[in-house]
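Notes follow once the structure below has been shown.
Since every read-out is calculated from the coordinates, none of them should be taken as a lab result. Predicted model only: the values in this text are computed from it and were never measured. Glycine gets a Cβ as well: all are built from the backbone with ideal geometry, and neighbour counts include every protein chain shown.
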Ligand SMILES: Nc1ncnc2c1ncn2[C@@H]1O[C@H](COP(=O)(O)OP(=O)(O)OP(=O)(O)O)[C@@H](O)[C@H]1O
Ligand SMILES: [Mg+2]
């Protein structure tokens, strides 16, 4: 059994799951406990031991069926399904198969081996023939993708020919003089069998290809996107990146809460204890522990949502949303020329809706021209209390101010009051300071200023933000 | 211990917990293999409850460690009772005086006190927190570590140490080893991903929202006096709501609460005006309430259109 499990784990790994050796051992001992007779428990046991991430469960389920039921087992399931669809009892079903077999015997020589095996329900033979075809198809082209491989197998077995044979049989059956209902059933049956065959070919291809299947590579797209500039993202790209965004947000959170990790256990603070207990004549009744105060980092985000950076903002707002979701102490603002708070909006809506609402002008006028200076000044006037010495302030924007007053004094104020001021610019560093870009002026007040044009940069940048 | 998978199903049902065979298999294995279970799933699907019912079904004591941001060793494992130590030094002032008698200078006094160190750092002054209590328990117990995802990654690493050897070393006392390996249930709402190392050590269980039949069964069990037809309608509606893009999807706790409330108010059908009003009690967010109300209206409209036909077949389906 262990060997089968190792083989199966290997299949899981090829499909992108992470399975370790101890987990294989667990799977083996779990199977000893539940036995192999109870298929449901067998599957649950393997899943619990090998799959540790809910999002992998679906892949596991599919591969499990393929691997453990095998093509033969799968075919038996198909038989049962067929009986249900045709509304026949097993006895009736068997009688029909017998009738078909007799009929096919009389046709001897005019029908392919595969069609015969398929229609008489000889699934062992079907499997053998399919594997033969798969071997041959593989020889032609190593490392093919699943669909191509399936096509290869299909070509080998001459799937078009089989389809034609089956169509032809349906007509022949009609001439055989059998009762019309039975003929009707047989025709339905033959058609279903054709579908079964296609399914088996696909399954076989899936199991035997070394390549990951195309559906998975779709899921892995965020990685390909990691170096694509936000500006070229489509709306759809961004929506797909939920997971990435959440991962980034966690990383950011972990980074900011690093500092307090060092105080694990409170120490007796001698002098504080002494002071506290002077009132009891120095008898230390009340203890002061030097448990460093748990610092909950605070974050204030100011995100530019003007047209020039629209897609970058769409992505960054998702990031901001996720950060806010993880943390209690985040306040989020968006600005163009006005500035408005979106903290509550983010709290109340699901991510994509929240972001779209913010971008659509539910909070501020989004059709005005960018005016960082004005937005900063308004922030200073109306939201200044948001900033405390513990705050990390994150500004996201291109710093293109339409030649308005820069008002960088606000940033100077922020810098002196807050813990740190971080500016992320979705524009290439090469262009900062040209045209209406006020970046050099703004940058001098920031603790960290970075170009942040793609996910990879954002990822690296998070590490540079001080704890 | 449980005898088999079916035994788990039966005994949890005895504790009024309805579970699938999948869930029961994992619980059975965890008990038999002495492995922690990491339970994940949306809020309110019965993760915490699972830990509790396992303890009840096995007639074992339950020790619960609730995790939160900033939880540290002192709160989870043990603390020294400084106050008690100090009180003792005061009460035993005279005795201490004797020990110190004739000591020349501060250094020697400190030296002598140090020799009596272990009097002050003994079990007597040790305040065990849940994890240590779990290790020191004289009988096997169930240790429920709830909402592990709320704790910091550093605490998770510390926990990993404990879960691998079931022993801790207290510098002043030496190594304390568990007499019985506790049955550990960890729950997570997935607000943070757990480390691979922790996951490797556990059997994994994902609890999803129940299907209609199971949810009906849970309601029948927990709110026995609820009108069955009403309950069926509520469940059907909730299943529709769970498909919407909501900020927080209503869970089993919400369906239980709602059915209870409606039963108390003597509501018999979802057409009742009270339904719309009470809908807000199961939704946390304004925007969600609005969406739920729209969905309710649509649901009622569809049902009305159908009700021209003989007695709503869908309700019957739900009951069977
Ligand atoms: N399978 C079940 N059988 C009976 N009652 C259940 C079941 N599942 C959940 N419940 C009930 O639903 C309520 C919520 O369960 P519980 O608090 O355990 O959820 P949870 O998953 O821990 O949620 P959270 O993530 O919010 O902590 C409890 O009252 C529990 O009794
Ligand atoms: Mg809980």
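Were the residues from residue A:199 through residue A:102 laid out at 0.36 nm apart, the gain over their Cα-Cα distance would be 32.3 nm. Ratio of Rg to Rh for the protein assembly as shown: 1.05 [Cα atoms; Kirkwood radius as inverse mean 1/r over pairs].
The Cα atoms of chain B cover 103, 43, 36 Å along the three principal axes, with the biggest extent listed first.
Residue separation of residue B:167 and residue B:89 scaled by 0.36 nm, minus their Cα-Cα distance, works out to 25.0 nm of gained length.
Each of B:247, B:179 was scored by other Cβ atoms within 10 Å of its Cβ. Arranged with the fewest first, they read B:179, B:247.
Semi-axes of the equivalent ellipsoid for segment B:212-305, computed as √(5λ) from the eigenvalues of its C-alpha gyration tensor and ordered from largest down, come to 19, 15, 13 Å. Between residue A:448 and residue B:298, the modelled labels are 4.3 nm apart [label points 7 Å from Cα along Cα→Cβ]. Bridge orientation summary for segment B:133-218: considering DSSP beta bridges with both residues in this region, about 50 percent are antiparallel. Using a Gaussian network model of chain B in which every pair of alpha carbons under 10 angstrom is joined by a spring, one finds that among B:58, B:77, B:300 the greatest mean-square fluctuation is at B:300.
From least to most packed, judged by other beta carbons within 10 angstrom and beginning with the fewest, B:219, A:166 follow the order A:166, B:219.
Relative to the dominant Cα principal axis of chain B, helix B:5-14 is inclined by about 80°. Applying 1/(1 + (r/R0)^6) with r as the Cβ-Cβ distance of residue A:191 and residue A:25 and R0 = 45 angstrom yields a FRET efficiency of 0.45. Its alpha carbons considered, segment B:70-209 gives a radius of gyration followed by a Dmax of 20.4, 74 Å.
Put in line by how crowded their Cβ is, counting other Cβ atoms within 10 Å and starting with the fewest, B:164, A:332 read B:164, A:332.
Inter-part distance, segment A:407-465 to segment A:93-108, computed on C-alpha centroids, equals 79 Å.
If you run the Gaussian network model on chain B, springs between alpha carbon atoms under 10 Å, then out of B:161, B:101, B:172 the most flexible one is B:101. Projection of the Cα convex hull of segment B:79-125, averaged over all directions and equal to a quarter of that hull's surface, yields 3.4 nm². Structural descriptor for segment B:212-305: relative contact order 29 percent, calculated from alpha carbon pairs under 8 angstrom and at least 6 residues apart. Take the Cβ atoms of residue A:18 and residue B:64, set R0 to 30 Å, and the FRET efficiency comes out at 0.45. If both residues of a DSSP beta bridge must be in the protein assembly as shown, then about 25% of such bridges are antiparallel. For segment A:2-216, the convex hull drawn through the C-alpha positions has a volume of 133 cubic angstrom per residue. Only Cα sites of segment B:129-203 enter the Debye sum here, all with the same form factor; the resulting log10 I(q)/I(0) across q = 0.17, 0.24 1/Å is -0.67, -1.20, listed in q order. Size of segment A:340-467: Rg and Dmax of its alpha carbons, in Å, are 15.0, 40. Taking 7 Å steps out from each Cα toward its Cβ at residue A:110 and residue B:284 produces label points 7.1 nm apart.
The ellipsoid that matches the Cα gyration tensor of segment B:121-274 has semi-axes, each √(5λ) in whole angstrom, of 44, 18, 13, with the longest given first.
Here the spin labels are modelled as points 7 Å beyond Cα on the Cα-Cβ line, and at residue A:39 and residue A:463 they lie 4.9 nm apart. Placing R0 at 30 angstrom, the Cβ-Cβ distance between residue A:406 and residue A:329 gives a FRET efficiency of 0.55 after rounding to 0.05. I'd like the distance separating the alpha-carbon centroids of segment A:1-38 and segment B:103-176, in whole Å. Result: 38 Å between the Cα centres.
When the Gaussian network model of chain B links Cα atoms closer than 10 Å, the mean-square fluctuations of B:187, B:278, B:48 top out at B:278.
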